[in-house]
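Shown next, in structure tokens, is the structure this report addresses.
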Amino acid sequence: MEPSIFPPERVTIVGVLNVTPDSFSDGGRFVGVGNGIESAAVVAAARAMVEAGAHVLDVGGESTRPGAREVPAAVEIDRTARVVEAIAKEFELPVSIDSRKADVAEAALDAGARIVNDVSGGTFDERMFALVAGRGADLVIGHARATPDRMQDEVAFGDVVS
């Protein structure tokens, strides 16, 4: 059995690599001319994260910033699959795909990802749970009350646990 990605004896540091032109965290720094992804720049950033102590590298190809519009799965796969493959070949630590779409998660798992980080908590794509279970991947379940384009419409919680 492989060790847990979140062992109880330490805090897990996740390096986030957003390969989108509209990322809220990095402003699209890995997107080049014609919206192509600069894979060498992503690998260099991953190396810096590993050297700084990251335990997991998380690759995302669709912005989840407030107001972001949905990206077709084919575009998300084009942005992420080669990056995941390059990172998985270069580094021993686990690679995660940040996606709410099973097709994107499947392409990333095929490319070497071992973790799926689903910000929708499995509610966006009904095939996600079966895919992750069938592949024996780890799953990080996020929470969102709505899709990114509508997430700011419902920001108040009466009872967050409920």
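Descriptive notes on the structure:
- The set of residues in the range 36-48 that are aliphatic (A, V, I, L, M) and surrounded by 15 or more Cβ atoms within 10 Å (Cβ to Cβ) comprises ILE37, ALA41, VAL42, VAL43, ALA45, ALA46.
Yes or no, residue by residue, for (1) surrounded by 14 or more Cβ atoms within 10 Å (Cβ to Cβ); (2) under 14 Å from the mean Cα position of the chain (by Cα); (3) modelled with pLDDT of 75 or more; (4) not in a loop (DSSP other than H, G, I, E, B):
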| residue | (1), (2), (3), (4) |
| --- | --- |
| LEU17 | yes, yes, yes, yes |
| SER23 | yes, yes, no, no |
| ARG29 | yes, no, no, no |
| GLY34 | no, no, no, yes |
| VAL50 | yes, no, yes, yes |
| ALA54 | yes, no, yes, no |
| LEU57 | yes, yes, yes, yes |
| GLU62 | yes, yes, yes, no |
| ALA74 | no, no, yes, yes |
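- Every residue from the range 114-124 that is modelled with pLDDT of 95 or more and more than 10 Å from the chain's Cα centre (by Cα): ARG114
- Taking the range 80-101 as the range and being without any contact (Cβ under 8 Å) to a residue 40 or more places away in the chain and out of contact with any Gly (no Cβ under 8 Å at 6 or more places or on another chain) as the test, the residues that pass are ALA81, GLU92, ARG100, LYS101.
- Subset of the range 79-103 that is surrounded by fewer than 18 Cβ atoms within 10 Å (Cβ to Cβ) and out of contact with any helix residue (DSSP H, G or I) (no Cβ under 7 Å at 6 or more places or on another chain) - its residue that is farthest from ASP138 (Cα to Cα): LYS89
- Top-ranked residue of the range 104-119 - restricted to ones that are buried (at least 19 other Cβ atoms within 10 Å of the Cβ) and of a type in the set (Asp, Glu), ranked as nearest to VAL56 (Cα to Cα): ASP118
The values are calculated or read from the model by the stated rules, or taken from the named source; none is laboratory data. Predicted, not measured: the structure shown is a model, and the values here were computed from it. Note: ideal-geometry Cβ built from the backbone for every residue, glycine included; neighbour counts use all protein chains shown.
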